[in-house]
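K.L.:
Please see the structure below; I have some questions.
The values are calculated or read from the model by the stated rules, or taken from the named source; none is laboratory data. Bear in mind that the values here come from a model prediction, so they are computed numbers and not experimental data. When we count neighbours, we look across all protein chains shown, and the Cβ atoms used for this are built from the backbone with ideal geometry, even at glycine. The protein model used for the area step is the full one, side chains on, heavy atoms only, and it has no ligands, DNA or RNA in it. Shrake-Rupley method; radii C 1.70, N 1.55, O 1.52, S 1.80 Å.
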Amino acid sequence: VTGKQLTIGVDLGGTKIETVVADADGTVLGEDLRPTLAAEGPAAVIARIADSIHEACGKANVAPAGTLGIGISSPGPAKPKEGIVTDAPNLPGWHDIHVTKLLSDAIGVPSLLENDANAAAYGELRFGAAQGLQHIVYVTLGTGIGGGIIIDGKIYEGASGAAGEVGHMIVLPDGPVCNCGNRGCVEALSAGPAIARDAAALIAGGKAAKLAELAGESPLTAKLVYEAALQGDDEAREIIHRAGYYLGLGLVGILNIFDPQALILGGGLVNMGDLYLGPALDTARKGAFPQIAADALITTAKLGSRAGALGAAALVISRPPA
Ligand SMILES: [Zn+2]
């Protein structure tokens, strides 16, 4: 391996660091996965990323210096162009951390930064569910709801670098309070914690017996609510259905505003399948302009947890860092 067309992609998450060494076709030649241990603070995490890069490069049999550079996918908010993570809630102590400079200094190759949802969107565009397309919106459904907008094959960053916050469309005025401070955002109604919150309220009211039995003393999660629904708890099923419905209202807005070739849904909640996505897609297709809904591909992501790292790796080629 000459390494000339190889790039490094790092997906920095609140719980894990995923690093890939990939070629221009998205083939992964080396990979490393390790815990972030975010509580130890930025310096320790940066050192851990550097270790992860060396490990992945070792597996790919290439020196870091033999690659074109490093793409870093990180939780926002960030200033991607400047390479700075401004204030990441999932990474304690990360305030205005110049992650590209720190990593470039540590590894000796240039690096770039992209927010995680944008990087995953780009990964799906290049190597996943949206291969060959130009205009897509990617929505990630998990603990939060985020998004990435790609227009003419390029990530749309917005004026301040924060575009794509699709989870914060307000779909229920006076609805539950969101992490952003507003009420009734899609994230406050359809993300994992919202499903868990609604389930806890039901149980507190003496309902959802099956779910209460399943949960026992452990904290409620969307996954537990889903398991209860599968086992025939109609009230658990109704919670997931309602979360899907509100997601669908958000998707109507995305479809009508962007008229995308594809709307790609990723993140852990897509594992709930039809129970969650059924009402979402139904609402989206019925609510969007017929001309838009008729041609838009609405499908689930293909790259799984590798999307961010692969997208970041691909960006090193399309947007070479200095
Ligand atoms: Zn919000």
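K.L.:
Counting Lys +1, Arg +1, Asp -1, Glu -1, what net charge surrounds Ala120 among other residues with beta carbon under 10 Å of its beta carbon?
P.N.:
Surrounding charge for Ala120 is -3.
K.L.:
I would also like to ask the following. Please compute one quarter of the surface area of the Cα convex hull for segment 77-204 and express it in square nanometres.
P.N.:
The directionally averaged projection comes out at 10.1 nm².
K.L.:
So what is the relative contact order for segment 146-279, in percent, with contacts set as C-alpha pairs under 8 Å and at least six apart?
P.N.:
18
K.L.:
Run the Debye formula on the Cα coordinates of segment 183-322, all scatterers equal and no solvent, and tell me log10 I(q)/I(0) at q = 0.10, 0.14 1/Å.
P.N.:
Log10 I(q)/I(0), no solvent term: -0.42, -0.73.
K.L.:
Add +1 for every Lys or Arg and -1 for every Asp or Glu among the other residues with Cβ under 13 Å from the Cβ of Gly26, and state the total.
P.N.:
Charge balance near Gly26 sits at -1.
K.L.:
List the residues whose amide H sits under 5 Å from the amide H of Leu297, counting only those 5 or more places along or on another chain, with H placed 1.01 Å from N in the peptide plane.
P.N.:
Amide H to amide H, under 5 Å and 5 or more residues apart or across chains, Leu297 pairs with Ala262, Leu263.
K.L.:
When the accessible area of segment 258-322 is split by element with a 1.4 Å probe, what percent falls to carbon and sulfur?
P.N.:
The C+S portion of the solvent-accessible surface of segment 258-322 is 54 percent.
K.L.:
Using the Cβ atoms and a cut-off under 15 Å, what net charge is assigned to the surroundings of Leu211, where Lys and Arg are +1 and Asp and Glu are -1?
P.N.:
With Lys, Arg at +1 and Asp, Glu at -1, the neighbours total -2.
K.L.:
Counting only heavy atoms of the protein chains, get the accessible area per residue of segment 48-121 (1.4 Å probe) and round it to a whole Å² value.
P.N.:
That works out to 39 Å² per residue.
K.L.:
Follow-up question, since we're still on this one. Tell me the Rg and the Dmax, in Å, that the Cα atoms of segment 178-258 produce.
P.N.:
Rg and Dmax of segment 178-258, Cα atoms, are 13.6, 44 Å.
K.L.:
With viscosity set to 0.890 mPa s and temperature to 25 °C, compute the Stokes-Einstein D of the chain, Rh being the Kirkwood radius across alpha carbon pairs; µm²/s, no decimals.
P.N.:
After rounding, the answer is 122 µm²/s.
K.L.:
Residues of segment 205-283: accessible area per residue at 1.4 Å, in Å²?
P.N.:
Accessible area per residue: 45 Å².
K.L.:
How long are the three semi-axes of the equivalent ellipsoid of segment 90-141, in whole Å, if each is the root of 5 times an eigenvalue of the C-alpha gyration tensor, listed from largest down?
P.N.:
Semi-axis lengths for segment 90-141 are 27, 16, 7 Å.
K.L.:
I'd like the per residue volume of the convex hull spanned by the Cα atoms of segment 260-313, given in cubic angstrom.
P.N.:
Measuring per residue, one finds 78 Å³ for the Cα hull of segment 260-313.
K.L.:
Further, regarding this structure: Report for the chain the percent antiparallel among DSSP-assigned beta bridges with both residues inside it, nearest 5.
P.N.:
Roughly 60 percent of the DSSP beta bridges within the chain come out antiparallel.
K.L.:
In nm, to one decimal, how far is the Ala63 label point from the Val177 one, both placed 7 Å along Cα→Cβ?
P.N.:
Output for this residue pair reads 5.5 nm.
K.L.:
Can you give me the orientation-averaged projected area of the convex hull built on the Cα atoms of segment 131-239, in nm²?
P.N.:
In nm², the orientation-averaged hull projection of segment 131-239 is 8.9.
K.L.:
To the nearest 10 Å², what's Val109's accessible area with a 1.4 Å probe?
P.N.:
Spelled out: Val109, probe radius 1.4 Å, area about 10 Å².
K.L.:
Could you work out the helix-only [θ] at 222 nm for the chain, with each DSSP H run of four or more residues adding -39,500 (n - 2.57) and the total divided by the number of residues, to the nearest 500 deg cm²/dmol?
P.N.:
Mean residue ellipticity at 222 nm (helix-derived): -12500 deg cm²/dmol.
K.L.:
Next up: Hey, for a label at Gln261 modelled as a point 7 Å past Cα toward Cβ, could you say which residues of segment 270-298 have their backbone N under 17 Å away?
P.N.:
292-298, by backbone N distance to the label point.
K.L.:
Roughly how many nanometres apart are two label points built 7 Å out from the Cα toward the Cβ at Ala204 and Lys16?
P.N.:
The modelled label-to-label distance comes out at 3.3 nm.
K.L.:
Testing the spin-label approximation: label points 7 Å from Cα along Cα→Cβ at Gln134 and His98. State their distance in nm.
P.N.:
The answer from the label model is 3.8 nm.
K.L.:
Still on this structure, please answer the following. For segment 1-136, would you read off the P(r) tail past 26 Å as a percentage of all alpha carbon pairs?
P.N.:
Distances greater than 26 Å cover 18 percent of the Cα pairs.
K.L.:
Over 30 Å between C-alpha atoms is what I'm after, so list which of Lys59/Lys101; Lys154/Lys302; Lys16/Lys302; Lys16/Lys79; Lys79/Lys286; Lys81/Lys286 land there.
P.N.:
Lys79/Lys286; Lys81/Lys286
K.L.:
Next up: With a 1.4 Å probe and all protein chains left in place, how much of the accessible area of segment 1-142 comes from carbon and sulfur atoms, in whole percent?
P.N.:
Whole-percent figure for carbon plus sulfur exposure: 53.
K.L.:
Build a GNM of the chain with springs between Cα atoms under 10 Å: which of Ala43, Ala294, Ala162 gets the top mean-square fluctuation?
P.N.:
Ala294
K.L.:
Let me ask another. Loop-only GluC sites (Glu not before Pro) in segment 163-231, please: DSSP not H, G, I, E or B, and at most 13 other Cβ atoms within 10 Å.
P.N.:
Glu217
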